[in-house]
Amino acid sequence: MNPVKNCINVSSLESLAQHGIRRASVAIGVFDGVHTGHQLLLNELVRIARETDSVPAVLTFCPHPRQVLHPNEPLLLLVSQEKKIELINSFGIKTVITFPFTRELAGSDAGSFLKDCLYSPDVKLCGICVGKKWRFGAGGKGNINTLDNFCKNEDIRFSAVEELFLKGNPVSSTAIRRAVTGGLLETARQMLGRPYSLTGKIEHGENIGAKILDCPTANLSISHGIIPPKGVYAGYAIIRGNRYPSAISVGTAPTFKHKDPEKLLIEAHIMGGFNESVYGTSLEIEFIEYLRAERCFPSVGILKGQIKDDLGKIMEILKREKKK
């Protein structure tokens with residue numbers, strides 16, 4: 001994993017001492033997606049750290065606990081570990097403790113769990129904040145009451161943050177996964193506090209866009225994230241820190257015969273005459289609005305006409321987006 005610039009990323013509370021940190025407050029959680037509920041927790045962490053004159057740090061876990069506890073039930077994460085740290089960093093948290101989650105840790109009792117994760121002879125723990133429903137230790141027997149008692153005994157400031165609701169439903173990583181899978185991009189956006197996006201590497205495709213359709217595309221290879229339903233979307237491509245209006249296609253390009261016709265293609269046509277060489281570069285694509293379903297066209301000419309129409313509509317969508 002590439003380090004996130006200006007962020008201290010360590011694997012234990014004790015390791016913070018090596019960076020000159022002697023007083024820390026921590027927010028604990030998995031933080032997949034860093035959604036608006038997580039953001040409440042991060043804001044509370046910053047407040048506690050300021051009041052206790054300590055450094056705010058997020059304590060998170062890798063792999064995701066469900067991947068360890070239920071290895072036969074695949075869990076697609078909303079963001080990669082690197083992207084998660086980048087997002088946490090963007091909320092003013094410059095220190096992330098990524099604790100290794102193992103079966104041994106999961107099987108330990110609540111007291112042992114706290115000792116393993118939160119004990120340090122060289123770093124004074126000044127504050128802890130968690131979501132009100134956070135559970136820990138074997139069988140999830142540890143809860144906020146356990147943590148509150150621990151903090152009182154150790155003279156640590158404690159805060160349990162209320163769950164956040166959107167239209168009567170709790171905001172959660174699971175709810176965001178469901179929304180994206182169902183094509184409810186606006187719902188996902190409201191829960192995330194930003195457009196839903198996928199990040200990956202730009203790989204070589206079959207050059208159909210450039211050679212046949214006069215519409216070159218960047219083909220995205222991803223390892224994390226939930227893929228929205230097949231279709232054409234208005235969105236943005238973020239390359240090297242720059243954000244470009246884009247037409248995004250998710251599907252199998254059924255108008256053409258491919259070597260692997262079942263392979264799902266995620267492609268972005270970067271608009272405005274973009275012609276830089278970007279193969280192998282990291283690309284993030286933001287999904288703003290669904291435009292239409294994927295279709296098999298009777299001829300290349302008809303498909304070209306449809307693409308021209310799509311690009312015009314996408315520009316209008318993104319113009320409206322800017323005015324929001």
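Run the numbers on the chain and let me know its relative contact order in percent, using alpha-carbon pairs under 8 Å that are six or more apart. Show your work: numbers first, answer last.
Details: 597 pairs, mean separation 51.8, N = 324.
Relative contact order comes out at 16 percent.
Ordered by residue, what ³J(HN,Hα) values in Hz, to whole numbers, does region 248-255 give under the Karplus form 6.51 cos²θ - 1.76 cosθ + 1.60, where θ = phi - 60° and Gly and Pro are x?
10, 10, 10, x, 10, 6, x, 5
Need one number for region 211-266: average projected area of the convex hull over its C-alpha atoms, nm².
The orientation-averaged projected area of the Cα hull of region 211-266 comes to 5.0 nm².
Relative contact order for region 8-170: what percent, with Cα pairs under 8 Å and sequence separation of 6 or more?
About 31 percent, as a whole number.
Structure shown: which of 83/323; 167/230; 115/152; 124/152 lie over 18 Å apart, alpha-carbon to alpha-carbon?
Working: 83/323 28 Å; 167/230 27 Å; 115/152 15 Å; 124/152 14 Å.
From the list (83/323; 167/230; 115/152; 124/152), the Cα-Cα distance tops 18 Å for 83/323; 167/230.
Quick one: grab Rg to one decimal and Dmax as a whole number for the chain, Cα atoms only, in Å.
For the chain, the Cα radius of gyration and maximum Cα-Cα distance read 22.5, 74 Å.
Normalized C-alpha radius of gyration of region 284-324, against 2.2 N^0.38 Å? Display every interim value, and only then the final one.
On the way: Rg = 12.4 Å, N = 41, 2.2 N^0.38 = 9.0 Å.
Here the answer is 1.37, to two decimals.
Going by Cα centres, region 236-286 and region 23-99 are how many Å apart?
If you average the Cα positions of each part, the centres end up 30 Å apart.
I want to verify a result. In a Gaussian network model of the chain, Cα cutoff 10 Å, which of these has the top mean-square fluctuation: 205, 33, 272?
Judging by the Gaussian network model, the answer is 272.
If you add up the charges near residue 14, with Lys and Arg at +1 and Asp and Glu at -1, over every other residue whose beta carbon is less than 15 angstrom from its beta carbon, what do you get?
Working: positive: 22, 23, 115, 124; negative: 116, 122.
Around residue 14, the charge tally is +2.
For region 8-170, what proportion of DSSP beta bridges, expressed in % and rounded to the nearest 5, is antiparallel?
Working: 3 of 27 bridges.
Within region 8-170, antiparallel bridges account for around 10 percent of the total.
Could you derive backbone 3J(HN,Hα) for region 21-38 from the dihedral phi with the Karplus parameters 6.51, -1.76 and 1.60 (θ = phi - 60°), listing whole Hz in sequence and x where the residue is Gly or Pro?
Karplus values, whole Hz, x for Gly and Pro: 9, 10, 9, 9, 10, 10, 9, 10, x, 7, 6, 5, x, 6, 7, 5, x, 4.
Write down the Å³ per residue value for the convex hull defined by the alpha carbon atoms of region 161-281.
Working: hull volume 15.4 nm³, N = 121.
Normalising the Cα hull of region 161-281 by residue number yields 128 Å³.
Fewest Cβ neighbours within 10 Å first, please rank 86, 203 accordingly.
Details: 86 18, 203 12.
So the ranking, lowest neighbour count to highest, is 203, 86.
Taking the Cα atoms only, what angle lies between the long axis of helix 144-154 and the longest principal axis of the chain, rounded to 10 degrees?
The angle comes out at about 50 degrees.
Per residue of region 97-111, what does 6.51 cos²θ - 1.76 cosθ + 1.60 with θ = phi - 60° give for ³J(HN,Hα)? Whole Hz please, x for Gly and Pro, Karplus curve as stated.
Result, ordered by residue: 9, 9, 7, x, 9, 10, 5, 5, 5, 4, x, 7, 6, 4, x Hz.
Cα-Cα pairs above 26 Å in region 8-170: how many percent? Spell out each step's value before the answer.
Numbers: 2880 of 13203 pairs.
I get 22 percent for the Cα pairs in region 8-170 exceeding 26 Å.
By DSSP, what percent of the beta bridges with both residues in the chain are antiparallel, rounded to the nearest 5? Could you put the intermediate results ahead of the total?
Details: 37 of 61 bridges.
Beta bridges within the chain, antiparallel portion: roughly 60 percent.
Is the C-alpha gyration tensor of region 101-185 telling us rounded, prolate or oblate? Criteria: a/c under 1.5 is rounded; beyond that, a/b larger than b/c is prolate, otherwise oblate.
On the way: a/c = 2.57, a/b = 1.80, b/c = 1.43.
Prolate, since a/c reaches 1.5 and a/b exceeds b/c.
Each value in this text was obtained by applying a stated rule to the coordinates, not by laboratory testing. All values derive from a computational prediction rather than experimental measurement. Note that each Cβ is placed from the backbone with ideal geometry, even for glycine, and that neighbours are counted across all protein chains shown.
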